[in-house]
Amino acid sequence: CNLLKSLIQIGYVEKYGSGMYRLGPKLRKLAYPQFLSDNLVTIANQYAKRLSQQTRESGMAVIRQDGELKIIARYIYDQSVVINSQVFSALPGYNTAIGHIFLAFDKVIDCKKVFNDYFVDKYDSFDEFLGIIEDIRVKRYHFFELTGRQAHAFAVPVFRNKKIVMALAVIIPDFRLNSEKKIKFINILKQTAGDMGEELDSSIKHIKNLI
């Protein structure tokens, strides 16, 4: 038909084999980011839930989008039941455990600007701030006190194709926190982030084969 011929001409559909058609290169290029985005949300939910189940605390997955840190998956552990809550809400800024993770690993962020906007009153100098960020890069996690909430947050980066795409975090009330749990939670977070990164890398190949 004329429509099919037009779609072939503009590269949205291509013919292969005998009477077979598939998405053309132009349409695959347009669809690829959406496939990746949908896949990221699906996998984020799986691992945020797993994180909450393993730690028996609140677990979340956060991305950086349009300059904001946004929660795309959050689970709250409540009396052995894991509850999905507060997705697609924005975090207040970079002065969080997750914010520090993105500052350490997202090369697109202007650390000097972020320092002036959020941290000029919290650190004695920009060099001290950079030292904290470098320490996070080495340790690959951040442990952060939630002022006024009597709780602490742990956060780690998640990589896809060697670039940070997300951070995972767990929040624990101070009355349940001790040195043994701190080590345990860091290990769980790192293992979960590593497994998630491997699945994300594998899914890229799968998506490319599909389209």
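The values are calculated or read from the model by the stated rules, or taken from the named source; none is laboratory data. Note that the coordinates shown come from a computational prediction; the quantities given were computed from them, not determined experimentally. Every residue, glycine as well, gets a Cβ built from its backbone with ideal geometry; the counts of neighbours run over all protein chains shown. Side chains are part of the model used for accessible areas, which takes the heavy atoms of the whole protein and leaves out ligands, DNA and RNA. Shrake-Rupley method; radii C 1.70, N 1.55, O 1.52, S 1.80 Å.
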With a 28 Å threshold on alpha-carbon distance, the violating pairs from Lys112/Lys182; Lys70/Lys182; Lys112/Lys184; Lys113/Lys139; Lys113/Lys162 are Lys112/Lys182; Lys112/Lys184
For Asn95 and Glu134, extending 7 Å from Cα along the Cα-Cβ vector and measuring point to point gives, in nm, a value of 2.5 nm
How much accessible surface does Ser202 have with a 1.4 Å probe, in Å² rounded to 10?
70 Å²
In Å, what Kirkwood hydrodynamic radius results for the stretch 89-149 from the alpha-carbon pair distances?
12.0 Å
Using the scaling law 2.2 N^0.38 Å as the reference, what is the normalised Cα Rg of the stretch 108-188?
1.23
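Got a number for carbon plus sulfur as a percent of the stretch 114-186's accessible area, 1.4 Å probe?
Carbon and sulfur together cover 48 percent of it.
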Calculate, for Lys181 and Lys113, the FRET efficiency according to 1/(1 + (r/R0)^6) with r their C-beta to C-beta distance and R0 45 Å; round to the nearest 0.05.
0.80
Kindly write out, for the stretch 125-135 in residue order, the coupling ³J(HN,Hα) from the Karplus curve 6.51 cos²θ - 1.76 cosθ + 1.60 (θ = phi - 60°), rounded to whole Hz, with x marking Gly and Pro.
7, 5, 5, 5, 4, 5, x, 5, 5, 5, 4
What distance in nm separates the simple spin-label points at Asp174 and Tyr123, each placed 7 Å from Cα in the Cβ direction?
2.4 nm
Using 0.36 nm per residue, how much length does the chain from Glu145 to Ser202 gain when fully extended, once their Cα-Cα distance is taken away?
17.0 nm
What is the set of long-range amide H partners of Leu146 at a cut-off below 5 Å, with H atoms built 1.01 Å from backbone N?
Ala151, His152, Ala153
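Around Lys163, what is the net charge, scoring Lys/Arg as +1 and Asp/Glu as -1 over all other residues with Cβ under 10 Å from its Cβ? Walk me through the numbers before you get to the answer.
Details: positive: Lys107, Arg160, Lys162; negative: Asp106.
Around Lys163, the surrounding residues sum to +2.
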